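Below: the structure, in structure tokens.
Quick note: the coordinates plus some simple rules give every number you see, no bench work behind them. These numbers were taken from a predicted model, which means no experiment stands behind them. With ideal geometry, Cβ positions are generated from the backbone for all residues, glycine too; neighbour counts draw on all protein chains shown.
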């Protein structure tokens, strides 16, 4: 999804057997990351994960603090 929206991606591995997946959004170097997804070690299908990420990015795009997402709002809507 980040690739489609032309957002930077950073993958951080904490240890070999770390099952949960956490996804954060961060705008700029000085901002704190915002958690937008956690799978809690559950088996979610890719469509459900994608839907949650899409909805969270869309909602964040309306916040004045995250103006960078405003420019990709239309693209987020189009991805289904």
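Put a dot 7 Å past the Cα of residue 68, heading toward its Cβ, do the same for residue 38, and the two dots end up 2.4 nm apart. Here is the tail figure for the stretch 22-78: Cα pairs spaced more than 12 Å apart come to 68 percent of all pairs. In percent, rounded to a whole number, the relative contact order of the stretch 22-78 is 24, using alpha-carbon pairs under 8 Å and six or more apart.
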